[in-house]
Amino acid sequence: MPRNATNSRPTAVVIGASAAGLFAAAALAEFADVTIVERDLLPDGPEPRRGVPQARHAHLVWSGGVKAFNDLLPGVTDDVVSRGGRLAHIMGDMVSRSPNELWFRRFTATHHRNLVCSRDLLDAVLRARVRALENVTFRENTTALGLVGDANRVTGLHVSTGGDELTLDADLVVDASGRGSHTPVWLERLSLPKPPEREVNAGVAYATRLYRAPGTTADRNFPLINVQANPAKAPGQGGIILPIEDDQWIVTLAGTRGGEPTGDLNSFEAFARSLGDPVIGRLLEYAEPIGDIATTRSTANHRRYYEKTRRWPDGYTVLGDAIAAYNPVYGHGLTVAAQCAIAVRDILNTTSITAPGTAKLLQRAAARPVAAAWDLAVGQDALYPGATDTPPTTVERILARFVDQAVSTGARNPRALSALLDVMSLEKPATRLFSPDMLIPMLLGPKKPHLPKAPLSEQEWKSAS
């Protein structure tokens, strides 16, 4: 039986101390006593851990994520900034070439501020804030083995810890275990059907190396440098320089099938110089590499449509990457994780955790931020050869062309750029692209000419040399 049979306060178990799990715990702590089940032993500070292999690669938190972070954990982004992170103005503090090979002008008229830091620092701050919550307990070195209950209601989680197996009773179990989620198998064990799934895999490989920031760039808020891949020119290749804490740069290079970067130390900078624009390679000539190269191919967009299943058990919810994982190049995973947790909290503000049907409401609510990010990622990645068995429809291709035009307009018009960033940051729905802020500049102008090269100032080049 759920533990609330003997305890007046409901109980919840969250699988995974990932960002999604931490945000879920923060949201649930208002309504329940929460236990986070984590397979690893968590570090005390900003250190790597086995359960987050993607942490070495570049991460951005869009302004929609910054808002969601602070909504769940007030002031948490200030905590990150106080420890060396940065709120970077997009596009004022960013030099970016779009997928259609246009350089964005560095307008400062928008409100968008993205959080920039290493993933290790971000996770350390999030863990510390969630550990401080009164109603949250961590169970480390504990592996989730399966659900307890039946097709109608999940009543707990079967776990292994210290060589022993036991059951953690709960009114709500939340799967925030990421791409490797076992939920489809666990549902089958409860005689429930697997959800519909879709994968769109552009075949992107990532290679990342850490650098010591050159010259005086660390003291001058050096801009982010982003050269995005063009899906119309397969293989698509791109890269990013992310200035982070401790006077360092995270440099991530990416390429699709036939044009992947490797872990070879001698070819990393040559690959950067070979991109459609060599600006990243040129800047790396002045920077000092630190350590080896981390690589990954775990970049497919993979979605499980739990909200479409006809039967869903009470007492169970799936959040974050366990619902949908995205190509990391779009930087939406962390934002979606926080927005999913807010969706859960909003439902629980009006409905009891223990009420029949609550879990299904939670699952449907979590699907909304997932769908917004999914459409943005798949709209680009589906255009790469071999990305999907179901090629883009005529409507999807028309929309892709419209988005290209929106990017072209935003690259040289601040009003249109603001509308574009509202959508890319997951602050507003895609319908924002059809607002007057976008359509009037798109149709009538006036427009500044497109930039012929990366908009780095002479002083910025000097500071990097």
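The values are calculated or read from the model by the stated rules, or taken from the named source; none is laboratory data. Quantities reported herein were computed from a predicted structural model and do not represent experimental measurements. Please note: Cβ atoms are built from the backbone with ideal geometry, for glycine as well, and neighbour counts cover all protein chains shown. To get the accessible areas, we keep the full protein, side chains included, count just its heavy atoms, and leave off ligands, DNA and RNA. Shrake-Rupley method; radii C 1.70, N 1.55, O 1.52, S 1.80 Å.
Cβ-Cβ contacts under 7 Å between residues 6 or more apart (or on different chains), taken from a first residue in the stretch 415-438 that is farther than 18 Å from LEU334 by Cβ to a second residue that is of a type in the set (Ser, Thr, Tyr), are listed as ALA416/THR409; LEU417/THR110; SER418/THR110; ALA419/SER435; ASP437/SER418; MET438/THR409.
Residue check: PRO184 meets all listed conditions (1) more than 25 Å from the chain's Cα centre (by Cα); (2) open to solvent by less than 30 Å² (accessible area, probe 1.4 Å) but one, namely (1). When THR6 is tested against the conditions (1) modelled with pLDDT of 95 or more; (2) over 21 Å from HIS332 (Cβ atoms); (3) not hydrophobic (A, V, I, L, M, F, W, C), the lone failure is (1). Can you tell me which residue is surrounded by the most Cβ atoms within 10 Å (Cβ to Cβ) among those in the stretch 235-266 that are among the polar types (S, T, N, Q) and more than 23 Å from ASN327 (Cβ to Cβ)? So the residue we want is GLN248. Close Cβ contacts (under 7 Å, 6 or more residues apart or on different chains) running from residues in the stretch 39-60 that are within 25 Å of HIS158 (Cα to Cα) to residues that are hydrophobic (A, V, I, L, M, F, W, C) and assigned to a loop (DSSP other than H, G, I, E, B) comprise LEU42/ALA17; ARG49/LEU42. When the criteria are applied in full, PRO214 fails the requirement of being open to solvent by less than 10 Å² (accessible area, probe 1.4 Å), in contact with a Lys or Arg (Cβ under 9 Å, 6 or more places away or on another chain), farther than 27 Å from ALA400 by Cα and touching a residue at least 24 places away in the same chain (Cβ under 8 Å). Residues in the stretch 100-119 that are surrounded by fewer than 20 Cβ atoms within 10 Å (Cβ to Cβ) and under 29 Å from SER18 (Cβ atoms): HIS111 alone. Scan the stretch 133-189 for residues that are touching a helix residue (DSSP H, G or I) at 6+ places or on another chain (Cβ under 6 Å) and closer than 25 Å to ARG345 by Cβ and the total you get is 11. Mind checking whether some residue in the stretch 217-224 is within 26 Å of VAL378 (Cα to Cα) and either open to solvent by 50 Å² or more (accessible area, probe 1.4 Å) or within 22 Å of the chain's Cα centre (by Cα) (or both)? Among the residues of the stretch 217-224, at least one is within 26 Å of VAL378 (Cα to Cα) and either open to solvent by 50 Å² or more (accessible area, probe 1.4 Å) or within 22 Å of the chain's Cα centre (by Cα) (or both), which makes the answer yes. Here TYR316 passes the criteria (1) among the hydroxyl-bearing types (Ser, Thr, Tyr); (2) open to solvent by 40 Å² or more (accessible area, probe 1.4 Å); (3) in contact (Cβ under 8 Å) with a residue 60 or more places away in the chain except the one numbered (2). Report, by residue number, each residue of the stretch 82-96 that is within 18 Å of GLY331 (Cβ to Cβ) and either among the β-branched types (Val, Ile, Thr) or open to solvent by 20 Å² or more (accessible area, probe 1.4 Å) (or both). Of everything in the stretch 82-96, those that are within 18 Å of GLY331 (Cβ to Cβ) and either among the β-branched types (Val, Ile, Thr) or open to solvent by 20 Å² or more (accessible area, probe 1.4 Å) (or both) turn out to be ARG86, LEU87, ILE90, ASP93, VAL95.
Can you say whether ALA68 is under 22 Å from the mean Cα position of the chain (by Cα) and farther than 30 Å from ALA355 by Cβ, as far as the supplied structure shows? If you could, list the steps in order and put the result at the bottom.
Details: under 22 Å from the mean Cα position of the chain (by Cα): yes; farther than 30 Å from ALA355 by Cβ: no.
Against the criterion (under 22 Å from the mean Cα position of the chain (by Cα) and farther than 30 Å from ALA355 by Cβ), ALA68 does not qualify.
Can ARG209 be described as open to solvent by 10 Å² or more (accessible area, probe 1.4 Å), under 23 Å from SER463 (Cα atoms) and not in a helix (DSSP H, G or I)? Spelling it out, ARG209 is indeed open to solvent by 10 Å² or more (accessible area, probe 1.4 Å), under 23 Å from SER463 (Cα atoms) and not in a helix (DSSP H, G or I).
Considering the stretch 246-281, the residues that are touching a strand residue (DSSP E or B) at 6+ places or on another chain (Cβ under 7 Å) and polar (S, T, N, Q) include one that is farthest from SER82 (Cα to Cα), namely THR262.
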